[in-house]
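Colleague: Pasting a structure here, questions to come.
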């Protein structure tokens, strides 16, 4: 029998409900699922980030510290840490104190699950997507820490007040010898030479089959270009206009992150904006299109991302037209065209003519980028 390890998993700003609602399609979700499916994991605890106790009570949310749940067909435990306010302080000292308290609270939850008053020292691994958790959680029960960087927090536009603290967190993680992973080489170079790169992936079980086109997509004129993912100000508007003007339909589907951008898109002829859908409907929608596009702005945070949409487009067999960001390079040099504004239109026409990938090539790609393969080193870092 393998040696069993208890694991405490924490998100960045999300909660378990977000994982369920998006059907386990992003890196945190797949890390959690891989842990749940690994026979070496004994007790598995899934912790929310800090939440406001007064706000949770006002909204009727549960506030119990621990409760059972099921993940990937196995039993696990939910942990709901609460304090007076959700937002972190912006001073380094206050952040350190907040996350020492967070790790103490996680230890309390671990002890309850085990039936202990306090968990034994160095008796569980901590796997997290939050830099503050990885850098500043410091409780006796922690045997090892694994951090996965999905975004560059130190350049994220929405968290500017915390940039200095995130930079300090990267340095502390490196000094503490935290096992560090990142979705792109670009992000890895900003964090530490010790980082292992694990790009995004897909679920082959979702993308392998050919799904019938959803009726609302099938009725749209072709050729059809598609953009999946969060719809917000990361879009370069000139490239969106150029795309819409040269295809029969431009489909934008995903979370509406910025209402102003969504309103603007709906003023453009040939652009069709849809809300997020489940994974199988998303696969069917992408498969019903002719080219996938990534018309992003040139920003530091965007340059560090591993675009999940890139892997979805290629999983469907589509050619891809993208701006030239580092994490897009080298994924498929033949079927991913990297262009700037000056030759975007010409490249779009070339991509449409390129057509779909052969089935053997598409299926081989699915196996190469499967989430199961991607997440193996992350789980091993927590358990081995």
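Colleague: Percent of alpha carbon pairs in segment 1-108 separated by more than 21 Å?
Modeller: Of all Cα-Cα distances in segment 1-108, 40 percent exceed 21 Å.
Colleague: Can I ask one more? If you count, for each residue, the other Cβ atoms within 10 Å and average over each peptide, how do 360-366, 98-104 line up from highest to lowest?
Modeller: Peptide ranking by packing, descending: 98-104, 360-366.
Colleague: Tell me whether segment 240-301 comes out rounded, prolate or oblate; compute the Cα gyration tensor, take square roots of the eigenvalues as a ≥ b ≥ c, and use a/c under 1.5 as the rounded threshold.
Modeller: Rounded shape, in that the Cα axes give a/c under 1.5.
Colleague: Describe numerically, in nm with one decimal, the distance between label points set 7 Å from Cα along Cα→Cβ at residue 245 and at residue 275.
Modeller: In this crude spin-label approximation the distance works out to 3.3 nm.
Colleague: Only Cα pairs under 8 Å and at least 6 apart count here; give the relative contact order of segment 204-367 as a rounded whole percent.
Modeller: It rounds to 25 percent for segment 204-367.
Colleague: Taking the simple approach of a point 7 Å from Cα along Cα-to-Cβ for both residue 177 and residue 163, what is their distance in nm?
Modeller: Rounded to a tenth, the inter-label distance reads 3.3 nm.
Colleague: Right, something else. Test of understanding: ordering 211, 255 by Cβ neighbours within 10 Å, fewest first, what list do you get?
Modeller: 255, 211
Colleague: List the residues of segment 332-352 whose backbone N lies under 17 Å from a point placed 7 Å from the Cα of residue 238 along the Cα-to-Cβ direction.
Modeller: Answer for segment 332-352: 339-348.
Colleague: Now for a different question. Determine the shape class of segment 41-102: with a ≥ b ≥ c the square roots of the Cα gyration tensor eigenvalues, call it rounded for a/c under 1.5, and otherwise prolate if a/b is greater than b/c, oblate otherwise.
Modeller: Oblate, since a/c reaches 1.5 and b/c is not below a/b.
Colleague: Can you tell me the length gained on complete extension of the stretch residue 37 to residue 329, counting 0.36 nm per residue apart and subtracting the Cα distance?
Modeller: Once the chain is fully extended between residue 37 and residue 329, it gains 101.9 nm.
Colleague: Please arrange 246, 160 by counting, for each residue, the other beta carbons lying within 10 Å of its beta carbon, fewest first.
Modeller: 160, 246
Colleague: On to the next question. How high is the FRET efficiency from residue 216 to residue 94, r the C-beta distance, R0 56 Å, rounded to 0.05?
Modeller: 0.70
Colleague: How would you classify segment 204-367 from its alpha-carbon gyration tensor, with a ≥ b ≥ c the square roots of the eigenvalues: rounded for a/c under 1.5, else prolate if a/b is greater than b/c, otherwise oblate?
Modeller: Note, shape of segment 204-367 comes out rounded.
Colleague: At q = 0.08, 0.12 Å⁻¹, what log₁₀ I(q)/I(0) does a Debye calculation on the Cα points of the chain give, no solvent, two decimals?
Modeller: -0.44, -0.95
Colleague: Additional query: For the pair residue 194/residue 380, report the inter-label distance in nm, with labels modelled 7 Å from Cα in the Cβ direction.
Modeller: 1.8
Colleague: Please order 67, 312, 186 by the number of other Cβ within 10 Å, starting at the fewest.
Modeller: 67, 186, 312
Colleague: Considering the Cα trace of segment 107-177, what is its radius of gyration and what is Dmax, both in angstroms?
Modeller: Using the Cα atoms of segment 107-177, the pair Rg, Dmax is 14.2, 43 Å.
Taken together, the values in this text are just the output of simple stated rules run on the coordinates, not laboratory data. Keep in mind that this is a model prediction, so the values were computed, not measured. Virtual Cβ from ideal backbone geometry, glycine too; neighbours counted across all protein chains shown.
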